[in-house]
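Only one structure is covered here, and it is reproduced in the block below.
The values are calculated or read from the model by the stated rules, or taken from the named source; none is laboratory data. Because the structure is predicted, anything quoted here is derived from the model rather than measured. Cβ placement follows ideal geometry from the backbone for every residue including glycine, while neighbour counts extend to all protein chains displayed. Protein only, heavy atoms only, side chains kept; ligands, DNA and RNA dropped before computing areas. Shrake-Rupley method; radii C 1.70, N 1.55, O 1.52, S 1.80 Å.
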Amino acid sequence: MSGQGSPDLGSADGRGLRIAIVASSWHTVVMDGLIAGTKEALSAMGCPEPVLVRVPGSFELPLVVQAYARSGYDAVIALGVVIRGGTPHFEYVCQAATDGLSRVALETGVPVGFGLLTCDDEEQALDRAGLPHSKEDKGREAAQAAVATARVLSSVR
């Protein structure tokens, strides 16, 4: 698992931050786990209830994340999952979503929590979804990274 050596960002102070969660609609069980982990982490860091909006798929994440980033939110958390199939579609969607989310953060100066799972199979996605039997909780990690980055940026501004 890739979580080995990850930093402990759970103590970041999220009080007073406006946070939006933008989540894709594919793979309901995985997405429900990612959303729950994100909300639990935000609550533990003192964030008020985040706005949650659903989009059709991972390809649509960057556009909607950008809209929230430009609307005065302190951080936006993008959640999605793309599972490899038998066509190049996987590569196209993963690349477009990743590039788009990176560009949103750089162009707006608003942290984007990267909770986009790009997995070879459903088992890998379930292992990262923050479910009771999962090995990792990428929704929690994306929330913690977004809040910690927002706090770093607030000390620079």
- Query: Which one of the conditions (1) in contact with a strand residue (DSSP E or B) (Cβ under 8 Å, 6 or more places away or on another chain); (2) open to solvent by less than 20 Å² (accessible area, probe 1.4 Å) does Gly100 fail to meet, given that it meets all the rest?
  - Reply: (1)
- Note on the structure: Only one of (1) under 16 Å from Leu52 (Cβ atoms); (2) assigned to a helix (DSSP H, G or I); (3) touching a helix residue (DSSP H, G or I) at 6+ places or on another chain (Cβ under 6 Å) does not apply to Val76, and that is (2)
- Task: Output the number of residues of region 107-157 satisfying the condition of being open to solvent by less than 30 Å² (accessible area, probe 1.4 Å) and part of a helix (DSSP H, G or I).
- Result: 10
- Task: Name the residue, out of Gly16, Gly72, that is under 18 Å from Val112 (Cα atoms), without any contact (Cβ under 8 Å) to a residue 40 or more places away in the chain and among the small types (Gly, Ala, Ser).
- Result: Gly16
- Task: Scan region 47-73 residue by residue and report those that are part of a helix (DSSP H, G or I), touching a strand residue (DSSP E or B) at 6+ places or on another chain (Cβ under 8 Å) and of a type in the set (Phe, Trp, Tyr).
- Result: Tyr68
- Flagged in region 16-67 as β-branched (Val, Ile, Thr), in contact with a helix residue (DSSP H, G or I) (Cβ under 8 Å, 6 or more places away or on another chain) and open to solvent by 70 Å² or more (accessible area, probe 1.4 Å), in numbering order, are Val29
